[in-house]
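Some notes on the structure that comes next.
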Amino acid sequence: MPNPSLLILPGDGIGPEVMAEVRKVIDWFGANRGLSFEVGEDLVGGAAYDAHGTPLTDDTMALAQSVDAVLLGAVGGPNYDDLDFSVKPERGLLRLRKEMDLFANLRPAQCFDALADFSSLKREVVAGLDIMIVRELTSGVYFGEPRGIVKEGNERVGINTQRYTESEIARVARAAFDLAQKRGGKLCSMEKANVMESGILWREVVTEVGRAEYPDVELSHMYADAGAMQLTRWPKQFDVIVTDNLFGDLLSDLAAMLTGSLGMLPSASLGAPMANGRPKALYEPVHGSAPDIAGMGKANPIACILSFAMALRYSFDAGAEATRLERAVETVLADGVRTADLMQTEGGTPATTAEMGDAVVAALSAGG
Ligand code: IPM
Ligand code: MG
């Protein structure tokens, strides 16, 4: 069997720096655990625009379709703010999601004990928190037609359309139910069935899928606004949350902040199984390109490293190796290694991006 293939798309801002640390981790697994990958690298976002005038070339798109998993850093930056909408860096990421049909976006929010005091909420509210948000990623208002800015009489009208088919709802619901079965057995679905027809259909379809296929999972429903409130009030009431593209975008940022730092959170975007049985997959940190600190060695590489752990688990059937990597991260945090985003007070010298990556590799070696 040939080695599994990985396409690395570092992207913009801090993307290349954090990805360099992931490379160290990938190399460690090759050298020490017999887990080697064919690694390719290409451009996405502003970096691709600078080189080719588009945030994602057709060649890169084809490459992404052909590999076992894509690992993405981050896209965007102030240099690109004035570009036409169609070539903005974000369009590259959205094209990858859409054309690879990555409909299930898994965003875990886990609070590491060593960081419980960094949360904006009280320690007892967040300590031990471990929830999973499953965000629908290829439909809804992000992609619905009609869309655009049109002229009506004397004024312009901005239009976007929230649209969900039954099958789109059912497949993301199944992904979430499957996860709930493997975790705490609870799923909460969030929409706005009180004001949106798409929300009414969402609630109906999730209920039907649950009744017919997952009677062992405890299903509940919440309006997404109340869900935001409950997430800040007592987040530990949740296990898995499933929601649409836009609500999922908002709720996952909210959940991320509960854990203390956006620099810690990974994500997996999964599609249908390929011929080899692996799901189409893209892994990326939840954080953005952080242009204000790009190139300074200040960025926290943990979210990107943990995204690779998710790749080990969901693409490469290497759950035990994923756990090994997650433990290494926990060890490093418990040992007090801190990048600047994880330092509460002034004083003390933060670890650089590279020092954090090296510490994770050292912890892997010590534990392996
Ligand atoms: C995310 C981001 C993206 C989104 C942007 C960069 C297009 O906010 O992945 O959550 O809105 O989906
Ligand atoms: Mg977002």
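Dividing the Cα radius of gyration of the stretch 200-267 by 2.2 N^0.38 Å, with N the residue count, gives 1.22.
Over the chain, with the other protein chains present, what is the accessible area per residue in square angstrom, probe 1.4 angstrom?
Per-residue accessible area for the chain comes out at 43 Å².
Just the protein heavy atoms count here, and of the accessible area of the stretch 215-368 at 1.4 Å, carbon and sulfur take up 54 percent.
Translational diffusion of the chain was estimated from the Stokes-Einstein equation, with Rh taken as the Kirkwood radius over Cα pairs; at 4 °C and 1.567 mPa s the coefficient is 61 µm²/s.
Bridges between two residues of the chain, per DSSP, are antiparallel at a rate of about 45%.
Applying 0.36 nm per residue to the separation of residue 20 and residue 33 and subtracting their alpha-carbon distance, the gain on full extension is 2.7 nm. The slack between residue 81 and residue 99, meaning 0.36 nm per residue of separation minus the straight C-alpha distance, is 4.1 nm. Computing FRET efficiency as 1/(1 + (r/R0)^6) for residue 226 and residue 327, where r is the C-beta to C-beta distance and R0 is 51 Å, gives about 0.90. Across all Cα pairs in the stretch 26-184, the calculated P(r) in 10 Å bins from zero up to the longest distance comes to 9, 23, 30, 28, 9, 1, 0 percent per bin. Seen from a random direction on average, the alpha-carbon convex hull of the stretch 128-246 projects onto 8.4 square nanometres.
The number of Lys pairs in the chain with C-alpha atoms less than 17 Å apart, excluding pairs fewer than 8 positions apart on the same chain, is 4. Classification of the stretch 275-368 by its C-alpha gyration tensor yields an oblate form. The axis ratio a/c (a ≥ b ≥ c) is 1.5 or more, and b/c is at least a/b.
Using a ≥ b ≥ c from the Cα gyration tensor of the stretch 5-109 (square roots of the eigenvalues), is it rounded, prolate or oblate, where a/c under 1.5 gives rounded and otherwise the larger of a/b and b/c decides, a/b for prolate? Prolate. Evaluated at q = 0.13, 0.18 Å⁻¹, the base-10 log of the normalised Debye intensity for the stretch 181-294, with identical point scatterers placed on the Cα atoms, takes the values -0.63, -1.11. Full extension of the chain between residue 292 and residue 5 gives 100.1 nm of extra length, using 0.36 nm per residue less the Cα-Cα distance.
Taking N as the number of residues in the stretch 43-103, what value does Rg over Cα atoms divided by 2.2 N^0.38 Å take?
Details: Rg = 11.1 Å, N = 61, 2.2 N^0.38 = 10.5 Å.
Normalised Rg, Cα atoms only: 1.06.
What the Cα atoms of the stretch 132-186 give is an Rg and a Dmax of 16.8, 55 Å.
The values are calculated or read from the model by the stated rules, or taken from the named source; none is laboratory data. Model, not experiment: these values are computed from the prediction. Methodologically, a virtual Cβ is constructed for each residue, glycine included, from the backbone with ideal geometry; neighbour enumeration extends over all protein chains shown. Quick note on the areas: whole protein, heavy atoms, side chains included, nothing else; ligands and nucleic acids left out. Shrake-Rupley method; radii C 1.70, N 1.55, O 1.52, S 1.80 Å.
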